[in-house]
Every structure is written in structure tokens, then in C-alpha cells.
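The structure appears right after this line, and notes come after that.
FYI, it's all coordinate maths here, none of it is from the lab. Everything numeric here is computed off the predicted structure, so don't read it as measured data. Because the Cβ atoms are built from the backbone with ideal geometry, glycine has one as well, and the counts that use them run over all protein chains shown.
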Amino acid sequence: MSSWFLLFPLISAFIGWLTNWVAIKMLFHPREPKRILGITFQGIFPKRQQKFAEKLGKLISEEFLSYEDIEAKISNPENLQQIMPIIENHVDDFLRNRLKDEMPVVSMFIGDKTIENLKSLFMQEIQTLLPVVMKQYAANLKTELDLEQIVITKVAAFSSDKLEEILFQIMSKEFRFIEIIGAVIGFLIGALQVVLTYFINMG
């Protein structure tokens, strides 16, 4: 058997590596449709970017960040309780300081005990009113803010160059592994061809 047959595994390894390398590149290239020999070529992501954006927008708005979730978060009593000290400080400052500037005569007849009573009444009313206001705000937000369309617009306009850069930063090892696997499989196929050729010639 000719020694040239021993090059088959190396040639097959190179072809296997090259095939997988080209396949990875074709995820993003060419950016724009290219017509070669009557066949139009375009990278998978640039070609499907609009459909991907639509699917992602629908998925995020329905599953990951629905308006129901937003409403539940902003009207959650535990979350609202966290901002009550801020509101209480603001009310206290208004009754003790700003009221003197706005209505000095009235403030002359309001002592510390009256201020504490008024603040207590205000805080009770705010605690009752705030969840209702936040739910109404969430309802208005749903009408005014089209979350699905925002995601679609952002993803559809996202730079393919930037996406490729990000994915290669995250998955560089995986892409390299795919290229190596292609070379290994190609080498094994080439070696198998050599072995089969050897036994056929021996027969």
C-alpha cells in the first residue's frame, strides 16, 4: 500500500475541522444575503433575527416579565412596607417644617402631640391607599408600555457583530471543542478508509 494513503487521516481531519469551522462562521456570516451560483447565502442569525426577536419578545412578556408579575411586585404589602419609613419621614418633615413656611398661622396652633396624631392618621390613610394606587399604576403601565414590542425592537436592532462578539466570549471553548471534534471524527474516518483499503488490497 502506498505511503500516500497514510495522509488520508490527516486530510480527513483537516476537512472535518474546516467543515465545522465554516458551520460556526455561517451562524453569523454573511451579514447580508449573498447570491452565489444562483443560491442565496446568509448567516443564520442575521436571516432569522426578526423572527427570533418576535419569539423572544413574546416569551419575555408572557413568561419572564409579565404585567401580572410587575403588578404583584409593586403592590406587594411587604414591598410597600419597605418604603413606608421614607413616606413617614416626608410627612413628618412636612408637618414640622414645611407647614410653618406655607401656613405659619396654622402651624402656631399645632403642637408635637397634634403633629404625631396627624402623622398617624396620614400614615393609616396612605397604607390603605397606596396598594390601590400602585395597582392602578400597573394597569396604566400595561396600557401605555408595550413590553413585547420594546423587546422585539431592541433585539431586531441588535448588532450582529456585537452578538457574535458576546457569544464567542461566552462560548469560545465550546466552539473550539466543536472544531476539534470535527477534526477527530475526520481523522477516524480517514484512518478507517486506510484500514479498509489495506485489507481489500491484501485480499
Practice item. Round to the nearest 10 and give me the degree value, 0 to 90, for the angle of helix 160-202's Cα axis relative to the longest principal axis of the chain. Key: 20
Exercise for review: Which order do the peptides 72-78, 55-61 take when ranked by the mean count of other beta-carbon atoms within 10 Å per residue, highest first?
Suggested key: 55-61, 72-78
Review point. Taking springs between alpha-carbon atoms closer than 10 angstrom, which of 103, 134, 171 fluctuates most in the Gaussian network model of the chain?
Key: 103
Study note, to complete from the structure: Answer in debye to the nearest 20: the dipole magnitude of segment 3-202 about its Cα centre, from +1 Lys/Arg and -1 Asp/Glu charges placed on Cβ, is 1180
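Report, in listed order, any pair from 55/154; 25/47; 55/162; 51/162; 55/173; 34/55 with a Cα-Cα distance greater than 22 Å.
Listed pairs above 22 Å: 55/173; 34/55.
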Exercise for review: May I ask for the net charge around residue 170, where only other residues with Cβ less than 15 Å from the Cβ of residue 170 are counted and Lys, Arg are +1 while Asp, Glu are -1?
Suggested key: 0
Review point. Given H placed on each backbone N at 1.01 Å, which residues far from residue 41 in sequence or on other chains put an amide H within less than 5 Å of it?
Key: 34, 35, 36
Practice item. Please report, in Å, the Rg and the Dmax of segment 100-169, where both are computed over Cα atoms only. Key: 25.2, 71
Check your understanding: To the nearest 10 degrees, how steep is helix 44-59 against the longest Cα principal axis of the chain, on a 0 to 90 scale?
Key -> 30
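D for segment 52-125, whole µm²/s, Stokes-Einstein with Kirkwood Rh over alpha-carbon pairs at 4 °C and 1.567 mPa s: what number?
83
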Check your understanding: Is it possible to state the helix-based mean residue ellipticity at 222 nm for the chain, with each DSSP H run of 4+ residues giving -39500 (n - 2.57), the sum divided by total residues, to the nearest 500 deg cm²/dmol? What is it?
Key -> -25500 deg cm²/dmol
Point to revise | In segment 82-123, the chymotrypsin sites (Phe, Trp or Tyr not before Pro) that fall in loop regions by DSSP, at most 15 other Cβ within 10 Å | key: 109
Check your understanding: What is the Cα centroid distance between segment 26-58 and segment 144-203, reported in whole angstrom?
Key -> 16
Study note, to complete from the structure: With label points set 7 Å from each Cα along the Cα-to-Cβ direction at residue 180 and residue 31, the distance between them in nm comes to 3.2
Check your understanding: For residue 98 and residue 10 in one chain, what is 0.36 nm times their gap in residues minus the Cα-Cα distance, to one decimal in nm?
Key -> 23.2 nm
Review point. What size of dipole, in debye to the nearest 20, comes out for segment 72-114 about its Cα centre when the only charges are +1 on Lys and Arg C-beta atoms and -1 on Asp and Glu C-beta atoms?
Key: 40
Revision key, fill the gap. In nm, the gap between the two label points placed 7 Å beyond Cα toward Cβ at residue 121 and residue 149 is 4.6
**Study point:** Peptides ranked, highest mean first, by Cβ atoms within 10 Å: ranges 35-43, 8-16, 125-133
**Key:** 8-16, 125-133, 35-43
Study note, to complete from the structure: Among 130, 59, 94, the residue whose Cα sits farthest towards the positive end of the charge dipole of segment 3-202, when +1 is placed on the Cβ of each Lys and Arg and -1 on the Cβ of each Asp and Glu, is 59
**Study point:** Extension gain (nm, one decimal) between residue 196 and residue 80, 0.36 nm per residue minus Cα-Cα
**Key:** 34.2 nm
Review point. Tell me, what ³J(HN,Hα) does each residue in segment 134-141 have, in order and in whole Hz, if you take phi through Karplus 6.51 cos²θ - 1.76 cosθ + 1.60 with θ = phi - 60° and put x for Gly and Pro?
Key: 5, 5, 5, 4, 5, 5, 5, 4
Exercise for review: Starting with the fewest neighbours, write out 90, 29 ranked by other beta-carbon atoms found within 10 Å of each beta-carbon.
Suggested key: 90, 29
Point to revise | In order through segment 79-89: 3J(HN,Hα) via Karplus (6.51 cos²θ - 1.76 cosθ + 1.60), integer Hz, x for Gly, Pro | key: 5, 5, 5, 5, 9, 4, x, 5, 5, 5, 4
**Study point:** Proximal lysines to residue 73, defined as alpha-carbon separation beneath 19 angstrom and excluding residues fewer than eight positions away on the same chain
**Key:** 135, 142
Check your understanding: From the list (i) 231; (ii) 222; (iii) 115, can you say which value of volume of the Cα convex hull per residue in Å³ was derived from the structure given?
Key -> (ii)
